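Single-structure report; data block below.
The values are calculated or read from the model by the stated rules, or taken from the named source; none is laboratory data. Just so it is clear, the model here is predicted, and its values are computed rather than measured. Cβ placement follows ideal geometry from the backbone for every residue including glycine, while neighbour counts extend to all protein chains displayed. Accessible surface areas use protein heavy atoms only, side chains included; no ligands, DNA or RNA. Shrake-Rupley method; radii C 1.70, N 1.55, O 1.52, S 1.80 Å.
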Amino acid sequence: MFGLTIQDFLNNAKQSVLFTAPSLEKDLSAFLEEHAERIKNLAKTALDKGFKQIYWVGSGNSWCNLYSGDYILKKMTDLPSDYYKSYDFIWTSPSRLDKDALVILASFSGNTEDTAAALRFANEKGATTISFTSKPDSILAREADESIVYDSNGLFILPLAGAFIFSLEIARLKGRDVSKLYEQIEIMPEQLGRIYREEESRAYRLARKYQDSDLFYVLASGAAYAIGYKFGLTVFMENMRVNASFIETSEFRHGPAEMLDGHKPLMVFLVGSDESRDMSERVIKIAESNGAEVIRFDVKDYGDFDPLFAPFLLMIPLQWFAVYSAYYRGIFDLDERVLMGRGKMSTGNQITWP
């Protein structure tokens, strides 16, 4: 049926930029050892300099991995924080974007058109800029005031960890007790390794069961909001080549639920352990009672961690599912693109993505 055995496919997949799960235990451990103290110092400097506004800016996956930084600041501190997609940031041109603002950006390649433009826009406005990128010789690494270069394919988890630590340190310096959260960060590499080893068989079964599904809705809220967006749009559509959409869980009740009268999609729920959990349970019942197929990824299945860790805990199970699903749809090269990275959708000198 297929041109590549599943074992050969998996051997190749483990070298893919998409499938970062096999190396995350090692790569996150190295990232924390190399960068955590510097990131904490950057947070202290931000407070010492009296920045009045923090902006988090990225596109696609790199927008998603900054979400927790903004979420933690808003939840745990009084420091104003806003979260933008790169071109929205430019088009909005926030009134508080000036010398008293700090702009934190992320781009895996460091040469993403949208985010390079946002970085240059922030610099022109006199803001201080910090970047997360994997490439030392890139626009984001060269042109940001400070750059965290992580030299790994961990394009979601590593910048996520960086944003997480930056905002936790702001909270700590402002008087919040975050000691337990820091303790959980320290054991997160080991936990990700455990999840990687334990979740493969379930992902294989789900991928086989739903290999003919071509309409996916991904629903998430709270701390898991951005990873739901990531998989609904930047993984399932990009890497599995299926019709997919992301819906914030509570918003499903405000219109989309009526679709169940005529169509029965596959609905993938990311269930957190925070305040959004009750709503997730309610919407799951609505979906199941109206004939939808439901896959549930629940953070409580992956250990007793603070609800803020939802994106760390859910990423690997979702990634395993996407990898096996790609295989059963005849996609054997996870890094191959038809449009992205070919100069068809980007413009500008040294711009390589999308």
**Request:** Read through the list (1) open to solvent by 60 Å² or more (accessible area, probe 1.4 Å); (2) within 30 Å of Phe19 (Cα to Cα); (3) assigned to a helix (DSSP H, G or I), then give the number of the only condition that Lys264 fails.
**Result:** (3)
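Within the bounds of the range 182-201, is there any residue that is at pLDDT 95 or above, under 14 Å from Phe321 (Cα atoms) and under 15 Å from the mean Cα position of the chain (by Cα)? Steps first, answer last, please.
Of the residues in the range 182-201, the ones at pLDDT 95 or above are 182-201.
Within this subset, residues satisfying the condition of being under 14 Å from Phe321 (Cα atoms) are 195-201.
If we keep only those that are under 15 Å from the mean Cα position of the chain (by Cα) too, we end up with none.
No.
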**Message:** Go through the range 4-34 and report how many residues are open to solvent by 60 Å² or more (accessible area, probe 1.4 Å), in contact (Cβ under 8 Å) with a residue 12 or more places away in the chain and within 16 Å of Val323 (Cα to Cα).
**Reply:** 1
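Just the residues that are charged (D, E, K, R), open to solvent by 50 Å² or more (accessible area, probe 1.4 Å) and not in a helix (DSSP H, G or I), please, taken from the range 293-345.
Glu293, Arg296, Asp304, Asp306, Arg329, Asp333, Asp335, Glu336, Arg342, Lys344
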**Message:** Every residue in the range 35-46 that is in contact (Cβ under 8 Å) with a residue 40 or more places away in the chain, in contact with an Asp or Glu (Cβ under 9 Å, 6 or more places away or on another chain) and of a type outside the set (Gly, Ala, Ser), please.
**Reply:** Arg38, Ile39, Lys40, Leu42, Lys44
**Fill in**
Asp177 meets each of (1) at pLDDT below 95; (2) open to solvent by 30 Å² or more (accessible area, probe 1.4 Å) with one exception, condition (1)
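For the range 80-99, state whether one or more residues are under 28 Å from Phe19 (Cα atoms), assigned to a helix (DSSP H, G or I) and not hydroxyl-bearing (Ser, Thr, Tyr).
no
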**Fill in**
Within the range 187-222, the residues that are touching a Pro at 6+ places or on another chain (Cβ under 7 Å) and among the β-branched types (Val, Ile, Thr) are Ile195
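If we scan the range 275-286, do we find a residue that is polar (S, T, N, Q), within 20 Å of Tyr204 (Cβ to Cβ), in contact with a helix residue (DSSP H, G or I) (Cβ under 9 Å, 6 or more places away or on another chain) and not in a loop (DSSP other than H, G, I, E, B)?
Within the range 275-286, the subset polar (S, T, N, Q) is 276, 280.
Remaining after also requiring within 20 Å of Tyr204 (Cβ to Cβ): none.
No, the range 275-286 contains no residue that is polar (S, T, N, Q), within 20 Å of Tyr204 (Cβ to Cβ), in contact with a helix residue (DSSP H, G or I) (Cβ under 9 Å, 6 or more places away or on another chain) and not in a loop (DSSP other than H, G, I, E, B).
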